[in-house]
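The values are calculated or read from the model by the stated rules, or taken from the named source; none is laboratory data. None of the values given here were measured: they were computed from a predicted structure. With ideal geometry, Cβ positions are generated from the backbone for all residues, glycine too; neighbour counts draw on all protein chains shown.
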Amino acid sequence: MISSMIYQNQNRQTKNVISQYGFSDMVAEYPACYQTGKFLCQTKLQMKHFLTLFLILLAFWSNSQNQSSPSSSHGDTDTTASIATKLNIPFGTIAKLEVEVYDGDSLQMKSYQGTYLLKINSVNGRKISETLLLTFIDETEELAKDNFELYKMTYGKTTKSIADKQIEKMKKKYVGRKLTIMAYETGRFTGIPQDYFKYRPVRADRSFHFENYLVVVSNLTKQSTKEKKE
């Protein structure tokens with residue numbers, strides 16, 4: 001009699017679980033389990049496994065959300081994202097480049113006024129179809145990146161000011177010059193960070209960003225010209 005009462009009590013508990021959690025379909029599918037009173041135990045075990053799996057998935061999802069949305073000091077500007085090269089070769093890789101001197105004034109941007117850039121035509125023999133412009137640092141002392149360097153390179157002396165007519169005269173011989181150089185791509189963060197002018201005087205400059213540029217280590221054009229003369 002006692003065992004009958006225990007069985008009836010288990011049966012009532014099982015029915016309560018079935019009614020509370022909506023497991024009627026499962027009972028219909030597994031009637032033997034229900035009849036023997038084992039359904040409640042199996043259901044608890046299944047719910048425990050389900051909850052464990054759910055919490056693990058929730059933790060993975062939360063972690064992925066945090067990683068995909070890194071913090072940024074510029075709202076939509078993501079300065080922590082991976083930085084890509086412009087030449088499509090790793091940073092610091094010396095390559096043979098076919099370039100031509102480009103007039104920064106033609107960009108009509110204040111930050112490039114009075115400067116010269118290099119337009120990349122090919123990288124290790126691979127042609128570049130789009131317009132790719134890069135600022136540069138010249139370690140050969142044979143290229144000028146602004147008007148004052150061009151003046152010194154042209155006349156062998158420095159000056160504090162250059163007349164517009166003189167600049168145009170120098171440009172005619174310099175802009176558009178095609179060169180074969182050995183150079184590598186590198187970069188740096190530059191510009192004005194957010195809230196900078198709360199603490200320092202206002203001045204014209206670009207916003208904080210990563211700037212790719214070239215370091216020229218050899219001018220093959222000049223070397224080949226010398227070899228032809230010899």
List the number of the failed condition for GLU142; all other conditions in (1) touching a strand residue (DSSP E or B) at 6+ places or on another chain (Cβ under 6 Å); (2) surrounded by fewer than 16 Cβ atoms within 10 Å (Cβ to Cβ); (3) closer than 22 Å to GLY187 by Cβ hold. (3)
Any residue in the range 158-177 that is assigned by TED's automatic domain parsing to the domain that holds LYS127, outside any helix (DSSP H, G or I), more than 27 Å from GLY125 (Cα to Cα) and basic (Lys, Arg)? yes
Could you tell me whether THR115 is modelled with pLDDT of 95 or more, touching a helix residue (DSSP H, G or I) at 6+ places or on another chain (Cβ under 7 Å) and in the same structural domain as GLY156 (by TED's automatic domain parsing)? yes
So, first residue touching a residue at least 60 places away in the same chain (Cβ under 8 Å) in the range 107-130, second residue part of a loop (DSSP other than H, G, I, E, B) and not aliphatic (A, V, I, L, M), Cβ within less than 7 Å, six or more apart or across chains; the pairs are SER111/ARG206
Please go through (1) surrounded by 13 or more Cβ atoms within 10 Å (Cβ to Cβ); (2) part of a strand (DSSP E or B) for PHE148 and return the number of the only condition it doesn't satisfy. (2)
Spot the failing condition for MET153; the list is (1) closer than 30 Å to GLY125 by Cα; (2) aliphatic (A, V, I, L, M); (3) not in a helix (DSSP H, G or I), and only one is missed. (3)
Kindly provide the set of residues from the range 93-129 that are outside any strand (DSSP E or B), small (Gly, Ala, Ser) and surrounded by 17 or more Cβ atoms within 10 Å (Cβ to Cβ), ordered by number. GLY104
Out of all the residues in the range 210-230, is one or more surrounded by fewer than 13 Cβ atoms within 10 Å (Cβ to Cβ) and in contact with a Lys or Arg (Cβ under 9 Å, 6 or more places away or on another chain)? no
